[in-house]
Each structure stands twice: as C-alpha cells, then as structure tokens.
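**Student:** I have a structure here, written as structure tokens, and I will follow up with some questions on it.
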Amino acid sequence: MKMTIRKAMLSQTRSKSAEELQRYSKLVCNAIEQNEKFQKAKIVLCFWSLPDEVNTHDLIQKWSHEKTFLLPKVIGEKLELHTFTDIASMTTGEFGISEPTGEIFSDYKKIDLAIIPGLAFDQNGGRMGRGKGFYDRFLPQTNCHKMGICFPWQIVPKIDCAPWDIPMDEVVSCEL
C-alpha cells in the first residue's frame, strides 16, 4: 500500500511544471508564515528542499535573520543538525541533497518547531516519507511542534502508519 501511494505521489508531482511547483510552494510558504507556531518559533528545524518538494529555500533565506534555522545533514543512518548561515555555505551531501556546513546543533530540546517534508500526509498527521526513516528516528529526541508540509495533492485519506512512524502535530498545505 505504501509503495502504491509513494509512486502515485511522485507521479503527480512530476506531472507538474517547475512553474506550477513554485507557485504552490509560495502558497504553502505563505501559509507557514501566517502560522502562529512559526511566528512564535525562535529555533526552527527545516529542510533544504529537493526539486520535487515544497521549495523552502526562499522561506529559510527570508527568515534566517530573525530565526535560527537548523538543517539536517545525513551521516550514515542519522541526521546531524547544522545551523544555516547562508546559501554560499551549502555543500552537496549524500543523496545529492544540499547540506549546511554551519555549526553543529545538538540541544534538540531547544527546537521550537520542526518543518518536515513528506511524500504524503493524512488529516490525522500520518506521514509517509521516502522510506529511510531518518525523521522517525530523529524526532523523538525533540519536544517541538511537528509541522508536515506538502503540496495539496499529497494529502491522502489515510496512511497506514507503523508504531515507529512519528505523527505530525499539523499538516500545512494550500488549496489546489
């Protein structure tokens, strides 16, 4: 079932033009900026988006002077958090993902908000990632509000979650 949903989500996203994805990304990021949890957060775990994810680059750069953004770096089977300083300090890491080279951040209990990607979400906060389990292993170390973000077609009626799958506290998207 999960593989079927993963394939469908990737197919729908790939069927959209770069312009459409950017337009939806701006709408989702506007919704994030209006969100009270984001407005109050001082330390935000986010991600430097891949081409098939909600584009977070502008959001991070726009707010990085007012909030501390932490971006993950894949180290083996774990995520290591680094402080985002600027786009020039990003390097290409494992899986071809741009990763920060800023200071390592390890006081996970100080994170106010985690903005998490996913291939699909349901209305109950169920999340389906890419299948590697990085966030499911990492998030239990935090006490923060977990915000899943996605394109509107990535919200599905139900995701069959395993006991180790970490649910989101809310899912932020936009209208189709």
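Values in this text are rule-based calculations from the coordinates and carry no lab data. Remember, it's a predicted structure, so these values are computed and weren't measured experimentally. No Cβ is skipped: glycine too gets one built from the backbone with ideal geometry, and neighbour counts run over all protein chains shown.
**Student:** I'd like the FRET efficiency for residue 153 and residue 75, computed as 1/(1 + (r/R0)^6) with the beta carbon distance as r and R0 of 41 Å, rounded to 0.05.
**Tutor:** So, using R0 = 41 Å, E works out to roughly 0.80.
**Student:** About the Cα centre, and with charges only on the beta carbon of Lys, Arg (+1) and Asp, Glu (-1), how big is the dipole of segment 2-172? Nearest 20 debye, please.
**Tutor:** Result for segment 2-172 is approximately 320 debye, rounded to the nearest 20.
**Student:** Would you compute, from DSSP H runs of 4+ residues alone, the mean residue ellipticity of the chain at 222 nm, taking -39500 (n - 2.57) per run and dividing by the full residue count, rounded to the nearest 500? All intermediate terms of the calculation are to be shown ahead of the outcome.
**Tutor:** On the way: 5 runs with 47 residues, N = 176.
Computed mean residue ellipticity for the chain: -7500 deg cm²/dmol.
**Student:** Between residue 169 and residue 2, with labels modelled 7 Å along Cα→Cβ, what's the label distance in nm to one decimal, could you check?
**Tutor:** Roughly 2.5 nm, to one decimal.
**Student:** Now for a separate question. Looking at the chain, what % of its DSSP beta bridges pair antiparallel, to the nearest 5?
**Tutor:** Rounded to the nearest five, the antiparallel share is 50 percent.
**Student:** A further question follows. Residues with beta-carbon under 14 Å from that of residue 104, excluding residue 104: net charge, scoring Lys, Arg +1 and Asp, Glu -1? If you can, show how the numbers build up before the last one.
**Tutor:** Details: positive: 73, 78, 110; negative: 80, 99, 103, 107.
Neighbourhood net charge equals -1.
**Student:** Let me ask another. I want to verify a result. In a Gaussian network model of the chain, Cα cutoff 10 Å, which of these has the top mean-square fluctuation: 60, 75, 32?
**Tutor:** 75
**Student:** Tally Lys/Arg at +1 and Asp/Glu at -1 over every other residue whose Cβ is under 11 Å from the Cβ of residue 64; what's the total?
**Tutor:** -1
**Student:** Which value, in debye to the nearest 20, gives the size of the charge dipole of segment 9-104 about its Cα centre, when Lys and Arg are +1 and Asp and Glu are -1 at the Cβ?
**Tutor:** Once rounded to the nearest 20, the dipole reads 280 debye.
**Student:** At residue 16 and residue 31, where each label point lies 7 Å from the Cα along Cα→Cβ, what is the point-to-point distance in nanometres?
**Tutor:** With each label point 7 Å from Cα toward Cβ, the separation is 1.0 nm.
**Student:** Using a 10 angstrom cutoff on alpha carbons, build the Gaussian network for the chain and name the most mobile of 129, 102, 93.
**Tutor:** Among 129, 102, 93, the largest mean-square fluctuation in the Gaussian network model of the chain belongs to 93.
**Student:** Ok, one more. Between residue 57 and residue 160, what is the label-point separation in nm under the 7 Å Cα-to-beta-carbon projection?
**Tutor:** Spacing of the two 7 Å Cα→Cβ label points: 3.8 nm.
**Student:** Gaussian network model of the chain, Cα springs within a sub-10 Å range: biggest mean-square fluctuation belongs to which of 53, 80, 103?
**Tutor:** Checking each option, the largest mean-square fluctuation is seen for 103.
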